[in-house]
Amino acid sequence: MKGPRTFLLIILISLLCTLTGCGFKDIDKRFFVVAMGIDQGSKINTYRVTLRLAIPSSKIESGEAKTEVETFEAPSIAEAVRHLKALVDKELDFGHCRVILFGKPLMEEGVDSALQWLSRRRDIAMVTFLGMAEPNAHIVLKLHPQSERYPGNALFLSFGSEGTESSFTLTEYLFDWARRQKETGKDAYLPIIRRDTDNNSYRLDRVAFLDKKKLRLCLDPAETQLFNISAKHFNKSFMGISYQGTRIVLGLTQVKSRMSISKDSVPVVNYFIRATGFLEQSPRNLLEENPSKIEKMLETELNSQLQDLMYKIRNAGVDPYGFGLHYLAQYFGRAKEWEHWKQVYPAVTFRVQSRIVIDKSGLIK
Amino acid sequence: MLEQIKQQFQDATDLFTDTLDNGYWHMEIAYFPALCDEHIKDGLLVPFSYRFDPDEFRRMLHANPKFAKTDKPEGWASLLLKGFVLIRIGDDCYSFKSDRTLVTEPDTTQVEASLEGPQSAFTESLDLNLYLLRFRYNVPTLTVEPFEKGNFSNTAIQVVYDRKLVNRDVLELLYKQMEKVDLDLLLSSGQLVKSLTDKSHRFFPTLLQTERPDRVASMLRKGKIAILINGSRLAILLPVRLYDFMNAMDDYYDSFWISRLLATMRYIAVFLTLVLPAAYIAIVSYNPEIFRVQLAFTIDGSRAGVPYPSFIEVFIMLFMIEALIEASIRLPRFVGSTATTVGGLILGQAAQQAGLVSSIMIIVTSVVAISNFVIPNSAFSQSIRVLKYLFLIISMIYGISGVAVLFFAMIVYLCSLRSFGEPYFAFFTPHQRDLASQAPGKR
Amino acid sequence: MARYYYYHVIYVGMINIMLFVPWILEQHRFNGAVSAMVIAIVFGTVLAYVTTSLFLRFPGMGLADILNNLLPRGIAVTLNLIGAFIWLTAGILVIYAYSATIQQFFNPDMNPYLFLLLMTLAGVWGASRCTRTVQFAQEILLLISAPLIIMILFKAIFSPWLDWDAIRVAAGYIRTPPSFVSFCAATFIFAGYNTLAIYNRLLPSGTKIRFRWITPLFCTFFLLVSFFIPIGFHGTVEVGEFLYLWSVTADSMILEYGFVYRVLYLFLLLYTALSLMFAMNTWHTAMEFIKACHPKHKPQPEQFPVPSSNWWITLVFAGLTFGYAIWTNEQRNQWVNENWLIARTVTDVLTPVILGLLILMGVRKKKSASSVKS
């Protein structure tokens, strides 16, 4: 009785030993892709894929992180990635790829096939940060910032909200981008990433708007912040105006907005925004004089700026705010309403009504 | 009588047999001097010899509870072996209880130490153990039933329970199992536990061994049954549930929130010691993307110099730590601490610096070892120790999803266990008269 | 003891993701899913209430025992086999779907049958235990995993990336006539009460199931969440393109302060427990139905050790799972899923009808008996 049982056990164990190996690959045999760049190739209909690979080290110090940048051109992204495997000594692992950058020239052409590849890969997280690199992804990825503590961390932190939280930086995830690429009445946006002039850090203070096909509009930093406040309700932002020769800066702590679109033949978008904040910089004793006057001034300023921005966006033929979707949602619209909206969108008018509340004046009066 | 006894103990030279004559009566006497204590002098020899009074002596034989009439020759041998003195006066045979008890004081707790609870523990003497128990569980309904097991050791066993609270079905099941017990030598409670356990129950202990009388008392109050064994300083408790193994006596004495916190911590520790090495393999070799980026790069960096796959690394470290634990149990106490220092500090540090194992692995190993010691019951902690390797193997083949599946299987297994008909692992079932009474097959 | 009933209700409400219920609903999101859901909520609630009340009239008896006792043998065996088939298929579908998901997201390089082997073995191991063990394991696993799953669901609901406009647009399609398939899919979420078919054996007589409003409350919540949250995360258009809809939805969230960064992995690990629980339950029920076909069968909810017949029957189930995995592909699997959901709805309606008829017959018999006496 005991003999056969032991025998069986031995066979089973040896079988088990052969089983390990499918998918078994130690962490030190893997090359982690921390960032990926997709550019237009030198020939027509080719892509240039740049991968930033992490070289881990046991020391974790600022500036010690090492990375390797590999690049390859091929007719499709999938082929380029497959070919890149031949250029490195370890298995490529996209599991920690947290940033994907598209080159600006590529965006001007359109990126439909790129999206296809990204959504199909199971190991690329839907929460990967997306950005548009200027002048192209390869140049941005080659940068090696001083403050980087582990490979790619400067890039992750600049995009996400774990590290710096700047009102100029918009965050865009892959899933959000993919949905905006398809959604009726809502268009995609991408933060623009550039090298800083001192070549030591990244610069993310602009945003690009795309329609379903390609790049349509880029905003300057001030407009980007305005978009971030109004569309994304970004809390830690500021706005400033000149007042009697000095500058007043209001730090925002809470932003709420709401829109309502009238059902006229040419709809009117009423945009209500309410912002609460405190004075970061102002002349002394300003609030004692007449706080409501300052609030009024800020309100009119915001109204006009925001209206200008919205008209600019409308004229570019994009809809990153999702006015169209909101129109459909408000009236439970379907295909017919959508057709109507598409026709009248270039002519819609915007009315912004803002309300600004100063609830603290900082530590001093 | 003497002839018969001599026939049975042919070569037992340590048996003392004699025929005493005090001038009035003849008394045949037989006993093992090694098994009997001084009471034989005051209780028997003095009244028989120079203070002899026939009436008083006869009265003593009848009235003193230590004397009992034993007319059946077949019981003599076992009585002698238990430390009784056999005497024969005229035609009547009597036994005199004069067994030697070496232990007169309760032990101090050694395995189940408690910070604030009582420090006394069971001893190897059955009588003293009963005293410790009666002293704590002081009601008339406490029932003690004697048994004897072991063909060669004839060990005395006592089954103790509260008559009012006990579940009769469990008791019947216990008796049934006890009948099946067939041992040559019953030397320790562990043997009895083994032979009372079903074949299919071998992974986790379904009987609780404890050295603490206060634990036994509190369990008796819950209607459980205790088994005391002569010569063993551990009592057996049944039926038990998983929580009883995870419960330290201090939980009864500490304040509510502290004991809850500690209990939760223990369960987390069990989870860690089971899953952590397996998770290490799975993360390192299958799915490094599960954890945060920083963690992946840290592990990657520290593993850079390790020449073999992750599971070999884990096995090396676990072997080292198991060897260390084993060594420090066996070694005398002074050397034990040296071994731990050498093994834990020096070897670990050196192994990491030599690039044989990663520094994360050292942390994993120590967490595993320490978490294992958190479990209050040693039998349970052993089974967790073994089970950990099962998780290791499955994670070698399937990665983290295999660990999750095995965890499911383990919970099902725990739920399928029954400790004498009562569920072993289930939430909020009433403590008593629950299952054994409902199970149709068990009635 | 009635609490066990709610464990079934809750986990069946959560397992729908693995049976492609949200996928089917999203396919019909513009032609009748929302209206079908509304009908399903009412229908499911009523059915749950009626069926449980009927089962409580037969204390300590499973559906199989009731049929065996009160119906002619031929009919009872047929009905039992139909029941076994429906339950068995449910387990097979979930095991197949889950191992396919795991293969996608955890071990893409692994042989798909290898993981299927592990899952079926775990399913066999769980299902072949006795009924009471299954119930205990159920409770513990659910209490471990459900809080975390509900946490993920709430995290999704309160996520700033959830697009409420898209949800509102999708909800606007309530005006379309309901589609039958999505109605069947949506009623599945309410189907937890069906497990009484076996577990009624464990309910002692005189049990009252209180707090029955839990059923519509939780199930409606799960239904709305599993339909609308993916729309909120992927928009009204793109949502129809994902096959592993909820895995992708879970992947759209992050745990900023957890050990695990991507919610997806936490989600998948939790659903391991849930899928195996479902497989354990359904196979166990199917096994009990098959055992009840034996003429000398006596229901024994508490058995230790389990008889070898348990092992053999569940091993056959495992074999069938492998057969199914070999035969099927994505299209076939979806076809089977849809048809299973429809078949399940039919049997779901049949059960209370049969029970009601039996009770009526019983009452009449008693009446005629009493009238004869008087």
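Worth pointing out:
- With respect to the stated conditions, B:Ser416 is modelled with pLDDT of 85 or more and within 8 Å of chain C (Cβ to nearest Cβ).
- Residues being surrounded by fewer than 20 Cβ atoms within 10 Å (Cβ to Cβ) and under 20 Å from A:Glu109 (Cβ atoms) - total across region A:199-237: 7
- Selection from region B:77-89 of residues that are in contact with a strand residue (DSSP E or B) (Cβ under 8 Å, 6 or more places away or on another chain), touching a residue at least 60 places away in the same chain (Cβ under 8 Å) and surrounded by fewer than 20 Cβ atoms within 10 Å (Cβ to Cβ): B:Lys82, B:Arg88, B:Ile89
- Here A:Phe332 clears all of (1) farther than 25 Å from A:Phe209 by Cα; (2) part of a strand (DSSP E or B); (3) within 14 Å of chain C (Cβ to nearest Cβ) except the condition numbered (2).
- Within region A:142-162, considering residues that are hydrophobic (A, V, I, L, M, F, W, C) and over 16 Å from A:Leu190 (Cβ atoms), the one nearest to the other protein chains (Cβ to nearest Cβ): A:Phe156
- Lone unmet requirement of (1) within 30 Å of A:Ser161 (Cβ to Cβ); (2) under 21 Å from the mean Cα position of the chain (by Cα) for C:Asp251: (2)
- For C:Glu241: the one exception among (1) without any contact (Cβ under 8 Å) to a residue 12 or more places away in the chain; (2) surrounded by 17 or more Cβ atoms within 10 Å (Cβ to Cβ); (3) under 21 Å from C:Met18 (Cα atoms): (2)
- All helices (runs of 4 or more DSSP H) inside region C:89-182 with 1 or more residues being more than 10 Å from every other protein chain (Cβ to nearest Cβ) and at pLDDT below 90: C:112-127, C:131-157
- Odd one out for C:Asn80, checked against (1) farther than 15 Å from C:Leu274 by Cα; (2) over 19 Å from the mean Cα position of the chain (by Cα): (2)
- Which listed residue, of A:Ala188, A:Ala133, A:Ala208, A:Ala231, is in contact with a Cys (Cβ under 6 Å, 6 or more places away or on another chain) and touching a residue at least 60 places away in the same chain (Cβ under 8 Å): A:Ala208
- The residues of region B:221-240 that are under 18 Å from B:Asp251 (Cβ atoms), modelled with pLDDT under 90 and of a type in the set (A, V, I, L, M, F, W, C) amount to a single one, B:Val240.
- Qualifying residue in region B:269-286 (condition: within 14 Å of chain A (Cβ to nearest Cβ), closer than 20 Å to B:Ile375 by Cα and assigned to a helix (DSSP H, G or I)): yes
- Residue count for region A:174-197, restricted to those that are of a type in the set (D, E, K, R), in a helix (DSSP H, G or I) and surrounded by 21 or more Cβ atoms within 10 Å (Cβ to Cβ): 3
- Scan of region C:210-247 for residues that are within 10 Å of another protein chain (Cβ to nearest Cβ) and touching a Pro at 6+ places or on another chain (Cβ under 8 Å), ordered by number: C:Val239, C:Phe242
- Qualifying residue in region C:284-291 (condition: in a helix (DSSP H, G or I) and surrounded by fewer than 20 Cβ atoms within 10 Å (Cβ to Cβ)): yes
- Criterion violated by C:Phe58 - all others in (1) away from every other protein chain (no Cβ under 14 Å); (2) more than 20 Å from C:Gly362 (Cα to Cα) satisfied: (2)
- Residues located in region C:248-273, provided they are in a strand (DSSP E or B) and within 8 Å of chain B (Cβ to nearest Cβ): C:Val260, C:Arg262
- Test for B:Phe319: is it free of Cβ contacts under 8 Å to residues at least 60 places away in the same chain, of a type outside the set (Asp, Glu), closer than 30 Å to A:Phe24 by Cβ and in the same structural domain as B:Ser395 (by TED's automatic domain parsing): yes
- Qualifying residue in region B:400-420 (condition: part of a helix (DSSP H, G or I) and among the charged types (D, E, K, R)): no
- C:Leu153 satisfies every condition listed in (1) in contact with a Leu (Cβ under 6 Å, 6 or more places away or on another chain); (2) under 21 Å from C:Val225 (Cβ atoms); (3) not acidic (Asp, Glu) except (1).
- All of (1) outside any loop (DSSP other than H, G, I, E, B); (2) touching a helix residue (DSSP H, G or I) at 6+ places or on another chain (Cβ under 7 Å) hold for B:Leu115 with one exception: (1).
- Number of the exception - B:Thr206 against (1) touching a strand residue (DSSP E or B) at 6+ places or on another chain (Cβ under 8 Å); (2) part of a helix (DSSP H, G or I): (2)
- Given (1) under 24 Å from C:Leu162 (Cβ atoms); (2) in a loop (DSSP other than H, G, I, E, B); (3) modelled with pLDDT under 80; (4) of a type outside the set (A, V, I, L, M), index of the condition A:Thr171 fails: (3)
- Across region C:104-131, the qualifying residues are those that are in contact with a Lys or Arg (Cβ under 9 Å, 6 or more places away or on another chain) and touching a residue at least 60 places away in the same chain (Cβ under 8 Å), and the one among them that is farthest from C:Ser247 (Cα to Cα) is C:Thr131.
- The set of residues in region A:85-107 that are more than 14 Å from chain B (Cβ to nearest Cβ) and closer than 19 Å to A:Pro151 by Cα comprises A:Val88, A:Ile100, A:Leu101.
- Number of positions in region C:322-339 that are among the polar types (S, T, N, Q) and in contact (Cβ under 8 Å) with a residue 60 or more places away in the chain: 4
- Residue count for region B:287-319, restricted to those that are more than 7 Å from every other protein chain (Cβ to nearest Cβ) and touching a strand residue (DSSP E or B) at 6+ places or on another chain (Cβ under 7 Å): 0
- Matching residues, region B:128-152, being in a loop (DSSP other than H, G, I, E, B) and without any contact (Cβ under 8 Å) to a residue 60 or more places away in the chain: B:Asn138, B:Val139, B:Pro140, B:Thr141, B:Gly150, B:Asn151, B:Phe152
- If you go through region A:198-248 and keep only what is in a loop (DSSP other than H, G, I, E, B) and among the aromatic types (Phe, Trp, Tyr), you end up with just A:Phe234.
- Any helices (runs of 4 or more DSSP H) falling wholly within region A:80-165 and containing at least 2 residues that are under 19 Å from A:Asp205 (Cβ atoms): A:104-109, A:137-142, A:153-159
The values are calculated or read from the model by the stated rules, or taken from the named source; none is laboratory data. All values derive from a computational prediction rather than experimental measurement. All Cβ positions, even for glycine, are placed from backbone atoms using ideal geometry, and neighbour counts span all protein chains on display.
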